[in-house]
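K.L.:
Got a structure for you, questions after.
The values are calculated or read from the model by the stated rules, or taken from the named source; none is laboratory data. This is a predicted model, so every value here is computed, not measured. So basically every Cβ, Gly included, is an ideal-geometry build from the backbone, and we count neighbours across all protein chains shown. What goes into the accessible areas is simple: the full protein's heavy atoms, side chains included, and nothing from ligands, DNA or RNA. Shrake-Rupley method; radii C 1.70, N 1.55, O 1.52, S 1.80 Å.
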Amino acid sequence: MNPLVVFYSRTGATKRVGETLAEMLDCDSEELLDTKKRSGPLGFLLAGKDATAKKLTKLTDIKRDPALYDLIILGTPIWAGTLSSATRTYIANNKSKFKRVAFFCTHGGGESQQLFAEMESLCERSPVSSFAIKGEEVKNGAHQDKLRQFADELQVQM
Ligand SMILES: Cc1cc2nc3c(=O)[nH]c(=O)nc-3n(C[C@H](O)[C@H](O)[C@H](O)COP(=O)(O)O)c2cc1C
C-alpha cells in the first residue's frame, strides 16, 4: 500500500499532524497552499466567510499526482463547522483520481462528525479511518499517542 498524506494548515496545527503522520507511515506528503491571503484578522474573517459559502479557491500547483497512490489521507482544520477552502478545492479537482481515502482534522473544540460526513460525500467514498484532534493538543505536543493509534489503524489497511 502506497499512501499520500495531503493537508492544508493556516496556523500550523494540521501541518504538524500531517507531517508527523507521514513520518510515522514513512510515506509522501503534500501541503496544500492557498493563493488567497488567509493570515491575520482579515484572513480569518475571509476564511470563515469562504468556508460558510463552501467556496472553492485557487491552490498553487500540486507536486504529487494522487492517481499514483492507493490511499489518500486528507487533513484539514475545521472552519465554521466545515472544510477549509483549500481542502475542498483539492477534493473537487482530484477526487476522480482517489482510490481509498482516510480523513483527519484539527479543531478548536467543535464537533467533527459533520465535517467527516461532508468529506465522505465530497470524495464519494467512505474513509477507511478518521481522526480528529484539538489544535491546542497538537501545539503543546500532547497528540503523539492518539496520532500513533490512528497511524496503526491505517497500517492495518496497508
Ligand atoms: C475561519 C476559522 C473558523 C473556525 N471554525 C471552527 C469551528 O467551527 N469549530 C472548531 O472547533 N474550530 C474552528 N476553528 C479553529 C480551527 O479549526 C483550529 O484552530 C485548527 O486547529 C487550526 O488548524 P491550523 O493551525 O492547521 O490552521 C476555526 C478557525 C478558523 C481560522
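K.L.:
Magnitude of the Cβ-charge dipole of the chain, K/R +1 and D/E -1, about the Cα centre, nearest 20 debye?
P.N.:
Dipole about the Cα centre, nearest 20: 680 debye.
K.L.:
Taking only C-alpha pairs under 8 Å that are 6+ residues apart, what is the relative contact order of the stretch 3-157 in percent?
P.N.:
24
K.L.:
Moving on. Would you work out the charge dipole size for the stretch 113-158 about its Cα centre, treating the Cβ of every Lys and Arg as +1 and the Cβ of every Asp and Glu as -1, and quote it to the nearest 20 debye?
P.N.:
Here the stretch 113-158 has a charge dipole of around 140 debye.
K.L.:
Under the rule of -39500 (n - 2.57) per DSSP H run of 4 or more residues, summed and divided by the residues of the chain, what mean residue ellipticity at 222 nm is obtained, to the nearest 500 deg cm²/dmol?
P.N.:
Taking each H run of at least 4 residues, the total per residue is -12500 deg cm²/dmol.
K.L.:
In angstroms, what radius of gyration and Dmax does the chain have, counting Cα atoms only?
P.N.:
According to the Cα coordinates of the chain, Rg and Dmax are 14.3, 43 Å.
K.L.:
Can you list the residues, at least 5 places off or on another chain, whose amide H is less than 5 Å from the amide H of Leu74, using H built in the peptide plane?
P.N.:
For Leu74, the qualifying residues are Val6, Ala102, Phe103, Phe104.
K.L.:
Keeping all protein chains in the complex and leaving out DNA, RNA and ligands, what accessible area do you get for Lys15 with a 1.4 Å probe, in Å² to the nearest 10?
P.N.:
Surface open to solvent at Lys15 totals about 70 Å².
K.L.:
While we're looking at this one, here's another question. Which of Ser39, Ala13, Gly108 sits closest to the plus end of the dipole of the chain, meaning its Cα is farthest towards the positive end, when Lys and Arg get +1 and Asp and Glu get -1 on the C-beta?
P.N.:
Ser39
K.L.:
Measuring with a 1.4 Å probe in the full set of protein chains, what accessible area per residue, in whole Å², belongs to the stretch 3-157?
P.N.:
Accessible area per residue: 48 Å².
K.L.:
Take every DSSP beta bridge whose two residues both sit in the stretch 3-157, then give the antiparallel share in percent to the nearest 5.
P.N.:
Bridges in the stretch 3-157 that DSSP calls antiparallel: roughly 10 percent.
K.L.:
Sort Ile62, Ile133 by heavy-atom solvent-accessible area, probe 1.4 angstrom, most to least.
P.N.:
Ile62, Ile133
K.L.:
Expressed as a whole percentage, what fraction of the accessible surface of the chain belongs to carbon and sulfur atoms when a 1.4 Å probe is rolled over the protein heavy atoms?
P.N.:
Exposed carbon and sulfur together represent 49 percent of the surface.
K.L.:
Under a point spin-label approximation (7 Å from Cα along Cα-to-Cβ), what is the Asp152-Asn140 distance to one decimal in nm?
P.N.:
It works out to 2.4 nm between the two label points.
K.L.:
Within the stretch 1-78, what is the number of lysine pairs with alpha carbons under 20 Å apart, leaving out pairs fewer than eight places apart on the same chain?
P.N.:
Lysine pairs meeting the criterion: 14.
K.L.:
Long-range amide H contacts for Thr57: which residues qualify at under 5 Å (H placed 1.01 Å from N, peptide plane, sequence gap of 5 or more or a different chain)?
P.N.:
Those qualifying (amide H under 5 Å, at least 5 residues apart or on another chain) are Thr89.
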